[in-house]
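The values are calculated or read from the model by the stated rules, or taken from the named source; none is laboratory data. Given the structure is predicted, the values throughout are model-derived calculations rather than measurements. With ideal geometry, Cβ positions are generated from the backbone for all residues, glycine too; neighbour counts draw on all protein chains shown.
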Amino acid sequence: MPDLQQTTFTLDDLRARADGRGPLPPEVRLAVLGSPVEHSLSPAMHNAALEALGSDLRYAKVECPPENLAEAVDCARRANFLGLNLTIPHKFAALELCTELDDTARQLGAVNTLLFDGSRTAGFNTDGPGLVRAIREVFSFDLRDLRVMVLGAGGGAGSAAALQCALEKCPRLVLVNRTENKAHDIAQRATELLHTDRLEGPEDPVTVIPLEASALREQLTRTDLVINATSLGMKRTDPRLIPAAILTPDLMVYDMIYRPSVTRLLEDAKSTGARTANGLSLLLHQGALSLEIWLNRPAPLEVMRRALDQVTA
Ligand SMILES: NC(=O)c1ccc[n+]([C@@H]2O[C@H](COP(=O)([O-])OP(=O)(O)OC[C@H]3O[C@@H](n4cnc5c(N)ncnc54)[C@H](OP(=O)(O)O)[C@@H]3O)[C@@H](O)[C@H]2O)c1
């Protein structure tokens, strides 16, 4: 068996497996499709869980260009896969490939988990519910009770976070995106999902602001939780997203980035006394929820957490 955390398989490997040959071992009946997918830590987390559960199934990562998604999903089905995870850039296009969707996937407009059942392809979204669990775990607060600012609300992860906040009926939601019109689109969808009975006051519960210091400063005074869902912070040389001087000790700051484990945003927030956490808990909880969909049994959360800690140490 190849090292499934280290090995990135290709679409050709998946095609070959569907024809009963090639390097993808028959035990591999789960995988994440993405592009790029090489960095994914999901094989380590899921294979540790599958082993701990005594399952023979194994999980791999497969590089899949956007134009080949439908074929890759078909190959996985023919290869007797149980299901798939989808990551960037497939979460939106996968909607079209599902014969049914769970409520969250429909409301967030994105799918990160597929379950094959005969001719049916059920699509789920565990990113949103995973975020709810992650925030509860790291900050001991329910997302539904927090006034939230989402940075990068127009991106894939940010729009899912923003729409999940709306589903949770967060009392206040501030959306920020470098390309502002994308945040406006998400704000419209978030407003449709929000019930107006939990308004904080007469103002609109969803506000879009530019990614600019004075607007951020003004909104941060009425924010409990800041979620960074931009890719800014992955490189040490990246510029600051928020000036350090406008961060305050009463904030909770969640950075979806987990590599590096402490981004400049988290470093700045921590030094003001704010509570901080990186995105490893989101990776863990969305993964655990996917595993529960595939296996229909509780995921061994602590085993998965340890596996992630090991590969990120
Ligand atoms: N913890 C987890 O499990 C998890 C899961 C998913 C994603 N993530 C992380 O979340 C981040 C976003 O991923 P994604 O899939 O949502 O990517 P994406 O769809 O490409 O979105 C990227 C976002 O970052 C913004 N952005 C990029 N460069 C920027 C810059 N220089 N200044 C300001 N904003 C900038 C984009 O703004 P524009 O719209 O203006 O381009 C967009 O909002 C990544 O760091 C990813 O690793 C973590």
- Query: For A161, are the conditions met, namely being away from the ligand (no atom under 16 Å from the Cβ), within 21 Å of N112 (Cβ to Cβ) and either part of a loop (DSSP other than H, G, I, E, B) or in contact (Cβ under 8 Å) with a residue 40 or more places away in the chain (or both)?
  - Reply: no
- Taking only segment 230-264 into account, find how many residues are of a type in the set (A, V, I, L, M) and more than 11 Å from the ligand (Cβ to nearest atom). 8
- Message: Which condition from (1) at pLDDT 95 or above; (2) more than 15 Å from L282 (Cα to Cα); (3) not small (G, A, S) is the one that T230 breaks?
- Response: (2)
- Task: Report, by residue number, each residue of segment 208-229 that is among the β-branched types (V, I, T) and either in contact (Cβ under 8 Å) with a residue 60 or more places away in the chain or not in a loop (DSSP other than H, G, I, E, B) (or both).
- Result: V208, I209, T223, V226, I227
- Run down D3, D12 and say which single residue is in a helix (DSSP H, G or I) and free of Cβ contacts under 8 Å to residues at least 12 places away in the same chain. D12
- Go through segment 206-229 and give me each residue that's hydrophobic (A, V, I, L, M, F, W, C), out of contact with any Pro (no Cβ under 7 Å at 6 or more places or on another chain) and within 16 Å of the ligand (Cβ to nearest atom). V208, I209, L211, A215, L216, L225, V226, I227, A229
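For (1) touching a residue at least 60 places away in the same chain (Cβ under 8 Å); (2) over 20 Å from the mean Cα position of the chain (by Cα); (3) within 25 Å of G154 (Cα to Cα), each residue gets a yes or a no:
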residue: S231; (1), (2), (3): yes, no, yes
residue: A244; (1), (2), (3): no, yes, yes
residue: I257; (1), (2), (3): no, no, yes
residue: S281; (1), (2), (3): yes, no, yes
residue: R297; (1), (2), (3): yes, yes, no
residue: T312; (1), (2), (3): yes, no, no
- Query: Has segment 106-119 got any residue that is in a helix (DSSP H, G or I) and either assigned by TED's automatic domain parsing to the domain that holds E168 or touching a strand residue (DSSP E or B) at 6+ places or on another chain (Cβ under 9 Å) (or both)?
  - Reply: yes
- List every residue pair whose Cβ atoms lie under 9 Å apart, where the two residues are 6 or more positions apart in sequence or sit on different chains, the first residue falls within segment 172-186 and is in the same structural domain as V148 (by TED's automatic domain parsing) and surrounded by fewer than 18 Cβ atoms within 10 Å (Cβ to Cβ), and the second residue, located anywhere, is assigned to a helix (DSSP H, G or I) and not acidic (D, E). D185/S159
- Please find, among R21, R17, R29, the residue that is among the basic types (K, R), out of contact with any Phe, Trp or Tyr (no Cβ under 6 Å at 6 or more places or on another chain) and surrounded by 14 or more Cβ atoms within 10 Å (Cβ to Cβ). R17
